[in-house]
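Each remark here refers to the structure printed beneath this line.
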Amino acid sequence: MDDHSLEEFRRRWQEELAQAQALRRRRRPEAAERRPRRPEVDPGRGEQASGYLALAQGLLEGAGRPPATRTSRGDRQDAASRSRSPPVREAPAGGEQLVDQLIRDLNEMDDVPFFDIQLPYELAINIFQYLDRKELGRCAQVSKTWKVIAEDEVLWYRLCQREGHLLESSISDYSCWKLIFQECRAREHMLRTNWKNRKGAVSELEHIPDAVLCDVHSHDGVVIAGYTSGDVRVWDTRTWDYVAPFLESEYEEDEPGMQPYVSFVRINSSLAVAAYEDGFLNIWDLKTGKYPIHRFEHDARIQALALSRDDVTIATASAFDVVMLYPNDEGYWQVAAEFEVQKLVDYLEIVPDTGRYPVAIAAAGDLVYLLKAEDSARTLHYVYGQPVTCLDVSDSQVAFGVKSLGWVYEGNKILVYSVEAERCLSKLGNALGDFTCVNFRDSPPHLMVSGNMDRRVRIHDLRTDKIALSLSAHQLGVSAVQMDDWKIVSGGEEGLVSVWDYRMNQKLWEAHSRHPVRHVAFNNHSLVTAHVPYERVVRNSDLDNFATHRRHRGLIHAYEFAVDQLALQSPLPVCRSSCDVMAAYNYDLALAFPYDSV
């Protein structure tokens, strides 16, 4: 670039700058007497800036540098907020210094805030509430005004609630919600790392010496188990120093071994329910004590039991009757609805969040019933000769596996029905084996995970009705499965528990026990697995032998991946165990694990 071009550019630039300053002085005659405001946008400045950028690109090409792409007003504004310098009136000596001066002057002329100073602060908060954490961080770097708005406590409190942190807290509980949000994110990252590397503690919940495990259920870290001796026991794995109590059944016969087996157990945040082989049903309130608050009797054996996760609705199926129990306003339990079905019920679930009248889904052979209180039983699905093999529900949909039989073989599938419209929405799968388990309510939106007898775990995409991922997970059929936004935990008939990172299509770690896995439940910091044996009879005279228990009676494992100072300061589980219990504990699962040595 020759000297003539530099002189021509210097002259044009000084003329344009003088015109802009004169226009600014005309529009603000009282700028010296009142608070200065940010300069307004001149309609002709866009064309001037465009010409300046074109000229700057020519200067860069002449100086041997690659041409700069045009930046948006927000980018120039960010640059202006990071470094401010008054415009230099004298032209620089070199071409590159002249371009740098050009960019600084353009930023100075186009420095117009997004919000006017007269805009109410509440309106700005309402606009910023739609931004995520990354966008709020970028907005805080624009200017001081934007920084104050982007770091408002209301915004970060709502962001914590939106991402599932401290849902039960109010905005007045903490003084700096941005710092609390960062701590929650760091804790979540640490928990995820512990899950992947198998860092944490594992506890084998204490067994009953003279009984075989029959059924296990858990809710938010609280575990309930039923045994062949008729005993029902509850553990709270969230606290280290919790003593697991026995829930009394109040049977008239107090002789040992005379009580019937426990068929099913269920638990939620307030109730514990147990069904027995003789048709009795006991209901306990976890807040009042270990004695049942209500006892209901069926004429025949209870074949299915369901307990709502959100409220106190209970559904039982015995013979060809389905009964729904619910307490009235005075607290007395009563039969809310009773239905008669055509076949024996195999699976029973309660639809959450249905309002005043409870709704249940029952699968009986090749029939699927929609059971609404204050209404008769309605057939949701029926295809002759195609029995239902698994069932799960969400707040508005129900998913169940169907086994294809007959002359026209269409493959085994999972059907998704709408509870309100009572029609089929999706047909998923087409596998050779039977679908043995499906997890719908705990899966991320538009996804569902299922297990099959062909030893594979599948992730179904409900938007495309296709299989998003298929994993060869077990040596025998899959018996239990659950997933969240990044991992899958599956259990097999051979007793293997596998943890997968399905985004990477990789197995993280596994644990093995002798008995089939009948229950898998986890959250972000804990995992509960139950190994329930097929047979409920111990063929060994030495009933107190621990090896006999491991061989025949079933196990419950509780994994804790959180690193909490309060937990580390409290007594370790091995210190609280009795001397006759030989359960193994380890605080680095990646190095050692209590394998079955029998």
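Summary of computed values
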| quantity | calculated |
| --- | --- |
| Subset tally (residues that are touching a strand residue (DSSP E or B) at 6+ places or on another chain (Cβ under 6 Å) and among the hydroxyl-bearing types (S, T, Y)) for region 393-443 | 6 |
| Enumeration of residues in region 188-218 that are open to solvent by 60 Å² or more (accessible area, probe 1.4 Å) and without any contact (Cβ under 8 Å) to a residue 60 or more places away in the chain | H189 |
| Region 525-575, subset in contact with a helix residue (DSSP H, G or I) (Cβ under 8 Å, 6 or more places away or on another chain) and surrounded by 14 or more Cβ atoms within 10 Å (Cβ to Cβ), residue modelled with the lowest pLDDT | V563 |
| Exclusive hit being exposed (fewer than 15 other Cβ atoms within 10 Å of the Cβ) and among the hydrophobic types (A, V, I, L, M, F, W, C), set A300, A319, A306 | A300 |
| Test: residue in region 364-375 that is outside any loop (DSSP other than H, G, I, E, B), in contact with a strand residue (DSSP E or B) (Cβ under 7 Å, 6 or more places away or on another chain) and over 28 Å from P445 (Cβ atoms) | yes |
| Whichever residue in region 219-263 is open to solvent by 40 Å² or more (accessible area, probe 1.4 Å) and part of a strand (DSSP E or B) and, among such residues, is modelled with the highest pLDDT | H219 |
| Test: residue in region 344-356 that is surrounded by fewer than 20 Cβ atoms within 10 Å (Cβ to Cβ), within 24 Å of N268 (Cα to Cα) and over 34 Å from the mean Cα position of the chain (by Cα) | no |
| The lone exception for G164 - which of (1) free of Cβ contacts under 8 Å to residues at least 12 places away in the same chain; (2) at negative phi; (3) in a loop (DSSP other than H, G, I, E, B); (4) open to solvent by less than 80 Å² (accessible area, probe 1.4 Å) it fails | (2) |
| Unmet requirement for W500, which otherwise passes all of (1) more than 24 Å from E349 (Cβ to Cβ); (2) part of a loop (DSSP other than H, G, I, E, B) | (2) |
| Residues that are surrounded by fewer than 16 Cβ atoms within 10 Å (Cβ to Cβ) and over 16 Å from the mean Cα position of the chain (by Cα), drawn from region 442-492 | D461, R463, T464, D465, K466, S470, S472, Q475, L476 |
| Single match in W235, W177, W195 (criterion: touching a Lys or Arg at 6+ places or on another chain (Cβ under 7 Å) and hydrophobic (A, V, I, L, M, F, W, C)) | W195 |
| Sole exception among (1) open to solvent by less than 20 Å² (accessible area, probe 1.4 Å); (2) under 21 Å from A225 (Cβ atoms); (3) not β-branched (V, I, T) for W509, by number | (2) |
| For R309: the one exception among (1) part of a loop (DSSP other than H, G, I, E, B); (2) in contact (Cβ under 8 Å) with a residue 24 or more places away in the chain; (3) more than 18 Å from D392 (Cβ to Cβ) | (3) |
| Flag if A421 is at negative phi, modelled with pLDDT of 90 or more, hydrophobic (A, V, I, L, M, F, W, C) and in a loop (DSSP other than H, G, I, E, B) | yes |
| Meets criteria (in contact (Cβ under 8 Å) with a residue 24 or more places away in the chain, in a strand (DSSP E or B) and at negative phi) for V273 | yes |
| Qualifying residues in region 397-427 (those that are of a type in the set (S, T, Y) and either loosely packed, with under 12 Cβ neighbours inside 10 Å or in contact (Cβ under 8 Å) with a residue 40 or more places away in the chain (or both)) - the one farthest from A336 (Cα to Cα) | Y409 |
| Residues being farther than 21 Å from V312 by Cβ and among the small types (G, A, S) - total across region 351-370 | 3 |
| Odd one out for Y291, checked against (1) of a type in the set (F, W, Y); (2) closer than 23 Å to P260 by Cβ; (3) part of a strand (DSSP E or B) | (3) |
| Residue among S470, S479 that alone is in a strand (DSSP E or B), closer than 21 Å to K403 by Cα and in contact (Cβ under 8 Å) with a residue 24 or more places away in the chain | S479 |
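The values are calculated or read from the model by the stated rules, or taken from the named source; none is laboratory data. Since the structure is predicted, the reported quantities are computational estimates derived from the model, not experimental observations. Please note: Cβ atoms are built from the backbone with ideal geometry, for glycine as well, and neighbour counts cover all protein chains shown. All accessible areas refer to the heavy atoms of the entire protein, side chains included, with ligands and DNA or RNA removed. Shrake-Rupley method; radii C 1.70, N 1.55, O 1.52, S 1.80 Å.
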